[in-house]
Structure formats: structure tokens, C-alpha cells
1. Please verify whether residue 312 is surrounded by fewer than 16 Cβ atoms within 10 Å (Cβ to Cβ) and assigned to a loop (DSSP other than H, G, I, E, B), treating the condition exactly as stated.
2. Return the total of residues in the stretch 417-443 being surrounded by fewer than 16 Cβ atoms within 10 Å (Cβ to Cβ), modelled with pLDDT of 95 or more and part of a loop (DSSP other than H, G, I, E, B).
3. For the stretch 143-152, indicate whether the set of residues that are open to solvent by 60 Å² or more (accessible area, probe 1.4 Å), more than 16 Å from ligand 2 (Cβ to nearest atom) and at positive phi is non-empty.
4. Take the residues in the stretch 338-365 that are within 12 Å of residue 379 (Cα to Cα) and either in contact with a strand residue (DSSP E or B) (Cβ under 8 Å, 6 or more places away or on another chain) or of a type in the set (Phe, Trp, Tyr) (or both), then tell me which one is surrounded by the most Cβ atoms within 10 Å (Cβ to Cβ).
5. Filter the stretch 228-241 down to residues that are more than 20 Å from residue 165 (Cα to Cα) and within 14 Å of ligand 1 (Cβ to nearest atom) and give me whichever is nearest to the chain's Cα centre (by Cα).
6. Being more than 10 Å from ligand 1 (Cβ to nearest atom) and farther than 16 Å from residue 59 by Cβ is the filter here, so list the residues in the stretch 90-102 that pass it.
7. Report yes if residue 504 is open to solvent by less than 80 Å² (accessible area, probe 1.4 Å), over 26 Å from residue 379 (Cα atoms) and in a helix (DSSP H, G or I), otherwise no.
8. Hey, does the stretch 445-468 have a residue that's among the basic types (Lys, Arg) and more than 33 Å from the chain's Cα centre (by Cα)?
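The values are calculated or read from the model by the stated rules, or taken from the named source; none is laboratory data. Small disclaimer: the values here were computed from a predicted structure and weren't measured. When we count neighbours, we look across all protein chains shown, and the Cβ atoms used for this are built from the backbone with ideal geometry, even at glycine. Just the protein is used for accessible areas: all its heavy atoms, side chains included, with ligands, DNA and RNA removed. Shrake-Rupley method; radii C 1.70, N 1.55, O 1.52, S 1.80 Å.
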Amino acid sequence: MSDRLIIFDTTLRDGEQSPGASMTQEEKVRIARQLERLRVDVIEAGFPAASPGDFEAVSAVARTIKTSTVAALARATENDIRLAGEAVKGAASRRVHTFIATSPIHMEKKLRMQPAQVIEQAVKAVKWARQYSDDVEFSPEDAGRSEIDFLCRVLEAVIDAGAKTLNIPDTVGYSMPHQFGNLIRQLRERIPNADKVVFSVHCHNDLGLAVSNSLSAVLAGARQVECTINGLGERAGNASLEEIVMAVRTRQDVFECDTRIDTTQIVPASKLVSSITGFPVQPNKAIVGANAFAHESGIHQDGVLKSRETYEIMRAEDVGWGANKLVLGKHSGRNAFKSRLSELGIELPSEEAVNSAFARFKELADKKHEIFDEDLQALVSDEAVAHVQEHYKLISMRVHSETGERPHARVVISEEGSERHAESEGGGPVDASFRAIENMVSSGAELLLYSVNNITKGSDAQGEVTVRLAKGGRIVNGQGADTDIVVASAKAYISALNKLHSKLQRLNPQM
Ligand code: KIV
Ligand code: ZN
């Protein structure tokens, strides 16, 4: 059996299915680049049949990524598979992933199909998918609640039809680790042609067991795990990539396989996904939580000072903590700036974009003496936002806040090039600025989330704000970064308004 564990990241597909985590094409490409730096084997970039925007985003990821395989998801229909196949056509290495449900409840209530029809459709789907790629993955949805005899029949048939990876999902997070491991062991033993495929698992976290179930499956011979950064995903999420990778890496005495992940890229990936989706990482989250390597009790601190292995089973720097080393300062030149961006794997689309990012860097360096990698990432995110069609743009703002007084904001924006301004009071300076902006744009959007994070340490750190807005069933996240968190908040609000505007405009081009 192979000693290589394939890491299939589905942050951009299942992760994006978390309510409120939808991403723009540019954001998906940015995350995909980071996943490539992390050296994930397969990036599932989306579900092209879901919408033309999803199709475009998957195609853009496929064109960009060079060293990871890019996969697209499709239901077991000819049209879905055609769209998935076309979306990944530009990839250096591509995969089509098709699925159909196999549990009695899904077949009867959702698909309204007989088991024999499901097998027939699964076989057709794999054959259609093979027209677009030799690398085809098949998933029997809700396998965790399917009958094993039926699963064996479906899976044997799809292997004969040309599937190369069989992914066994615990779609509703119902399995227990010993049961799920046993399921994988039995499938491998009972399916006659099982040796022709890689067994994969895809576990949801409804009972908090996604990682345990996946690891139990690895012990039973699964050699691909589907997972997401920070465990993002439908409902309670998927198995978290960082936990799977570090469990296998740290316990090489238990697992007979390892991944090719560059673990030092884990924390940067976690921060990027958290900042783009606006889903904060809980401080006590394993590996990527802010407290994951912090020792509070005196006994622990004393032990770690004497010998770090007394209380530490992993090194913080091995997963990318402490990577926020000082990189540049206000005297750094354009070349140093450009070469650090390229070391970080960031490519700006043109020399003009580099110039404008460099100008922003100089402004930032004037306010903040030490510029870290994370500051550069945030600056480039702002730059990317600036290059998206900006319907609204923040020109300037003045905010007055004083103890005992109601805060007041005056905000100047431009709307398609023409300047407008408005004022408002509010419960706090951020509230006053949002109200002033709303006085001009009257979006009527509902504010679902407002979150602020410091990008690096210190009171002169940039604040990174995420604002989530909803309107007419559309949900968008806007981001903004600045050393002044009220300005960062206004930028984030305006970035969300721009995304909402472009989504609504796609639906109604007359807008
Ligand atoms: O949870 C699930 O079953 C899925 C499949 C499409 C793999 O996401
Ligand atoms: Zn899933």
C-alpha cells in the first residue's frame, strides 16, 4: 500500500458552501495560490454547474495553478459533467469529481430512484467524466448511512467504468470512528477490483468527529483525505486540513503514510481563509488557534523553559507561527518590495499594479515602522479590491468621538466617479460611519457580521475588518485593512457594497 497520503482540499467548494463564506473569483484564485504553496495534491475549485460565476472561478483557478491537480464537482448528469470538464480543461493536471447518493433515504426521498437506476446513472456519469479527464473521482453521497452490500455493487461498477479514486463521504457526520474505519476496511476487502483505485474519505463534523473519522479511515487504508482549511464547510464543517496533516506528521509511529504538505504554510493559509471569509478562528483551535502554542500555567511555562518537549508535541514554527518576521521598513525601495512579494508567491497583474501597491506600502510605512509579511498580504488584498470594478470608492472621512458625546462621522465617497458626501451620528464611530455611507447609497442591506482582527502584534498594527452584508438572498463579505480601524471598517463596508452591487448587476444588467 502507498505510503503517501493525498491531501484533497475542498475549501473552495465544500468550504464555500458554509453560509456566508461565498468568495469572489479573485479571492478563490488567491486562496488557490496559497493552497499550491502549501503543496496540497488536489484543489477542488468549485461546482461549475452551480452558476456561471462558479464556472468562471473554477476556470480561473485551473488556468493559474501549476503544481496541484485542479478538480471540479459535478452531479451525475451529462450537463453537470460537461461543465465541470470544460471548467478544468485549462489545468496542468485536472480531475472531474462526480457523485450520486446511495443511502436508502437519499435514493427514495431525494432522488426518487431505484437502486438499480442509481448504479446505472453512476456508471454513465463516470464514463461521461472520462471523456474530459483520465483522472475521475466518484463519491457515493451519504455513504456513511448506505447499505454496505449496495455500496460494494456501486463501487465495483464505477471502477470498471474508469473511476480512479473512490471517495467515501460521511455526508451528515453521523459515523463513529470505529464504524467508519471498519467501513473502509470492508470496502477494500470486499470489492474485487478495489486494488485499482485510491480510497478517499470526506467527513463532516456534525458530531465533532470529522478528523477522528478521517484518521480512523487512514488507519484502515484510505490514502486520500478530503479536508478544508480551518475545517470550513457545510453546517459544522469538514475535517480540518491542519489537524489531519499534523496528526499524521506528528504520529509517524502510528500512521504508515505521510503527506507532502509544507507545514510552514499552514498558519498563513488559515489566516488568509479566515480574513477572506470573515470566519474567525477560535483561540483554542488546534494548530491554528492563537493559543494553540501558548502556555499559561506557571508549571507548564517552567517545564517548557527547561525543555520544550515537556509540554509541546509540535513546534510552533513548523506550522508557520512566528513567521511574521520584520521584512521591510520605510526606507525599503521598490525592488526590495517587489522581490519580497515574489518570495511570498504574490504576483501582481501589471507594473502599474506594482507601482500602486508600492505607493500604498510607502503610506503604510509612514504610519507603521515595521512592515511584516502579513501587512504585505493585507496590502495586496486591498490592491486586488481596488482593481475589481469599484462602483463606490472611499475618498476621505472625518470622525469625531469624545467621552459623553455621540460620535459623528462625515464620509466622502465617489460613486462611478462623482463625489458625494454625507454625515451621521451613531452609537459608536463605526456605526456613525456606516450610517453616513448608507445615507448616500441606501443599499438597504442587512449587516450580518462585523469583525476586527489585528494583522500583527502591537498597538500600531493594522486592523483587518470583515463586514458581511445580505440583500435579496445574496450574501457578500467585504474586507478592509488600515492602521485606523474606523477607516478599515468603512473600507470593508464599501468593499461589501461593491460586491453586492456587482452581484445584483449580473442579475440585472440595467442597474
Ligand atoms: O458531503 C458530501 O457528501 C459531499 C460530496 C459531494 C462529496 O460534499
Ligand atoms: Zn461535503
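1. Here the answer is yes, as residue 312 does meet what is asked.
2. Looking only at that region, the number is 3.
3. no
4. So the residue we want is 361.
5. Taking the candidates together, the pick is 232.
6. 102
7. Spelling it out, residue 504 is indeed open to solvent by less than 80 Å² (accessible area, probe 1.4 Å), over 26 Å from residue 379 (Cα atoms) and in a helix (DSSP H, G or I).
8. No: the stretch 445-468 contains no residue that is among the basic types (Lys, Arg) and more than 33 Å from the chain's Cα centre (by Cα).
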